[in-house]
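Everything below concerns the one structure shown next.
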């Protein structure tokens, strides 16, 4: 559901007061363009305030009742790798024929194009989504078109179990950059997983940057055997590493959290520096957590998973 389609926003807008209309004043107002600008500015301010309240209420309810944060996931080079068949290198062309016999590779006819497209799912994707959904309310944010986003989601979430209708595509977010303004949640409880840092100029503190996934090559001399060996490991690949980190972040955020603390909770310091967790909570977190000892040091040494 798009942000602007949420009916809760209307409920939070102040109800207009009834007043007597003065025809003379009304005529004067219509002739004064500055009055229209002022009214529009006030209306926009009211909408922004109502939206901020809605985001905060949605997030705090999710934190308290479901122990869930919000996770925003990129698609291309994060969860999947997509390529047109005409762009495949000679050593990769056999993959177009393999699509019918594999459960991680799909071939589709691209409307308006003479070339089909191949979509390769990143190893560990299904398990990642399953386990992440237990800790997060998940959304997809892609700079691909709406039809493409739906095509990928039909592969990875056909029953809308994980994402529902929480999809932001190029239609809702034109341009190069991405913004959390379109996500109906408090920024203090949002984690982003994306391979590209530069598209989030205003939300870097929310970002967990994942290694770019590239399965296909457009120009390669690798033999087929090497091709089979180069895909990521299920257990040791980037998604598995990110999932382990997300579990620790979730654990640290909710550890011994009370309702009195909720207005001061913020996941972003944990993403940037796990050692920022409060002293009181650190005393209660097990020694094998990433928030302690050598594990913390290793995590800080690498910002990309």
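Conditions tested, residue by residue: (1) assigned by TED's automatic domain parsing to the domain that holds residue 252; (2) part of a loop (DSSP other than H, G, I, E, B); (3) under 17 Å from the mean Cα position of the chain (by Cα).
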| site | (1), (2), (3) |
| --- | --- |
| 83 | yes, no, no |
| 139 | yes, no, yes |
| 143 | yes, yes, yes |
| 176 | yes, yes, yes |
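When you check residue 186 against the structure, is it touching a residue at least 60 places away in the same chain (Cβ under 8 Å), over 13 Å from residue 138 (Cα atoms) and touching a helix residue (DSSP H, G or I) at 6+ places or on another chain (Cβ under 6 Å), yes or no? Don't jump to the end; show me each part of the working.
Working: touching a residue at least 60 places away in the same chain (Cβ under 8 Å): yes; over 13 Å from residue 138 (Cα atoms): yes; touching a helix residue (DSSP H, G or I) at 6+ places or on another chain (Cβ under 6 Å): yes.
In short, yes.
Return the residues of the range 217-250 that are more than 15 Å from residue 71 (Cβ to Cβ) and either modelled with pLDDT of 80 or more or in contact with a strand residue (DSSP E or B) (Cβ under 7 Å, 6 or more places away or on another chain) (or both); say none if nothing qualifies. Working first, answer last.
Step one: filter the range 217-250 for residues more than 15 Å from residue 71 (Cβ to Cβ), giving 217-238, 240-241.
Of everything in the range 217-250, those that are more than 15 Å from residue 71 (Cβ to Cβ) and either modelled with pLDDT of 80 or more or in contact with a strand residue (DSSP E or B) (Cβ under 7 Å, 6 or more places away or on another chain) (or both) turn out to be 217, 231, 232, 233, 234, 235, 236, 237, 238, 240, 241.
Do you know which of the residues in the range 189-212 that are touching a helix residue (DSSP H, G or I) at 6+ places or on another chain (Cβ under 7 Å) and assigned to a loop (DSSP other than H, G, I, E, B) is farthest from residue 49 (Cα to Cα)? Walk me through it before giving the result.
As a first pass, look at the range 189-212 and keep what is touching a helix residue (DSSP H, G or I) at 6+ places or on another chain (Cβ under 7 Å): 189-193, 197, 203, 205-206, 208, 210-211.
Now drop any that are not assigned to a loop (DSSP other than H, G, I, E, B), which leaves 197, 203, 210-211.
Working: 197: 29, 203: 20, 210: 33, 211: 37 Å.
So the residue we want is 211.
Residues checked against (1) farther than 29 Å from residue 250 by Cβ; (2) surrounded by fewer than 21 Cβ atoms within 10 Å (Cβ to Cβ):
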position	(1), (2)
84	yes, yes
105	yes, yes
108	yes, yes
124	no, no
128	no, no
131	no, yes
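The values are calculated or read from the model by the stated rules, or taken from the named source; none is laboratory data. All values reported here derive from a predicted model rather than from experimental measurement. Quick reminder, even Gly has a Cβ in these numbers, built from the backbone with ideal geometry, and neighbours come from all protein chains shown.
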